[in-house]
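Worksheet for the structure shown next.
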Amino acid sequence: MREIDLTARTDESLKDLLRPAALAIKDGDLVIVPTTTYYALTCDAFNPTAVSKVFSAKARGEGKPLLILVDSFGMMKTVVREIDPRVKELDWRFGPKGLTYVLGAADRLPEELTAGTGTVAVRFERHEAIQTLLALVGLPITGSSANREGAPPPPTLDDALKDLRDWVEVAVRSSRSNATTPTTIVDLTANDPVVVREGTVPEEDIRRALAG
């Protein structure tokens, strides 16, 4: 396993530092990366074999779909049937706080990723490392927390590596996460939004924003 330490950056650009991680993802391998909340286990979201590795590494039940990270509305279009107008409203208001949207899944997504639900959870990830990595890969990546099923989400790379070291090709080290809660997940597949998980954005704020 190769570790990339972003806390000890020299004259190398972030793009150059993260290039091995991008190549690993393109090769179908798993990579641990920091996000704006916790460390995540990532792979090419369009690669069924790589997605299956994520399930195996996490000991995750096959009936539980995986989250996808994107860097733009353009990239989001590749994984959803259509972008609900409410996404733009909510992202304008709460994007920096972190929101995950459940939308209708594009047909090209592996069934392993959606768990046959026909929907997909997508988040715009604003961590500089993820933004750079997504630009290098050019594809959406999975963003499930880097922990075994049932364990707490890892705030540090060392926490993530305790159980997943043997599963990943590259691990990216950044500073310890200050997150105290995961992102809020809002399901927009129906007329009435459903807050699946309340986290970084209170449900009341979401309903107020959409009612205005």
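Using 0.36 nm per residue, how much length does the chain from residue 2 to residue 165 gain when fully extended, once their Cα-Cα distance is taken away? Walk me through the intermediate numbers first.
On the way: separation 163, 0.36 × 163 = 58.68 nm, distance 1.01 nm.
Stretched out fully, the residue 2 to residue 165 stretch lengthens by 57.7 nm.
Looking at the chain as a GNM with Cα springs under 10 Å, which of 181, 42, 142 has the largest mean-square fluctuation?
Evaluated over the chain, the most mobile residue of the options is 181.
In nm, to one decimal, how far is the modelled label at residue 179 from the one at residue 197, with both set 7 Å along Cα→Cβ?
The answer from the label model is 0.8 nm.
Remind me, relative contact order of the stretch 1-133 in percent, using alpha carbon pairs under 8 angstrom and six or more residues apart?
29
In degrees, nearest 10, range 0 to 90: what is the angle between the Cα axis of helix 14-26 and the longest Cα principal axis of the chain?
80
Using Cα atoms only, what is the angle between the long axis of helix 48-58 and the major principal axis of the chain, expressed in degrees (0 to 90) to the nearest 10?
Once rounded, one gets 80 degrees.
When ranked by the protection proxy of mean other Cβ atoms within 10 Å per residue, highest first, what sequence do the peptides 205-211, 115-121 form? Before the final figure, lay out each step's value.
Details: 205-211: 13.9, 115-121: 18.6.
For the peptides 205-211, 115-121, the packing ranking is 115-121, 205-211.
Restricting things to Cα coordinates, could you compute the convex hull volume per residue of the stretch 2-211 in Å³?
On the way: hull volume 23.1 nm³, N = 210.
Normalising the Cα hull of the stretch 2-211 by residue number yields 110 Å³.
Tell me the angle of helix 128-137 to the major Cα principal axis of the chain, expressed in degrees between 0 and 90 and rounded to the nearest ten.
It works out to around 80 degrees.
By how many nm would the segment from residue 15 to residue 111 grow when fully extended, if each residue of separation counts as 0.36 nm and the alpha-carbon distance is taken off? If you can, show how the numbers build up before the last one.
Details: separation 96, 0.36 × 96 = 34.56 nm, distance 3.14 nm.
Stretched out fully, the residue 15 to residue 111 stretch lengthens by 31.4 nm.
On a full-extension model of 0.36 nm per residue, what is the gain between residue 83 and residue 211, subtracting their alpha-carbon distance, rounded to one decimal in nm?
On the way: separation 128, 0.36 × 128 = 46.08 nm, distance 1.87 nm.
Extra length from residue 83 to residue 211 when fully extended: 44.2 nm.
Kindly provide the trypsin sites (Lys or Arg not before Pro) of the stretch 57-128 that DSSP labels as loop, not H, G, I, E or B, and whose Cβ sees at most 11 other Cβ atoms within 10 Å. Let's see the in-between values first.
Numbers: sites: 58, 60, 77, 81, 86, 88, 93, 97, 108, 123, 126; in loops: 60, 77, 81, 108, 126.
Passing both the DSSP loop test and the Cβ count: 108.
Within 10 Å, count the other beta carbons around each residue, average over each peptide in 152-160, 25-33, and list them highest first. Write down the numbers at each step before the final one.
Details: 152-160: 18.7, 25-33: 22.2.
Top of the packing list down: 25-33, 152-160.
Laboratory data are not the source of any read-out in this text; all were calculated from the coordinates shown. Everything numeric in this text was worked out from a predicted model, so none of it was measured. Note: ideal-geometry Cβ built from the backbone for every residue, glycine included; neighbour counts use all protein chains shown.
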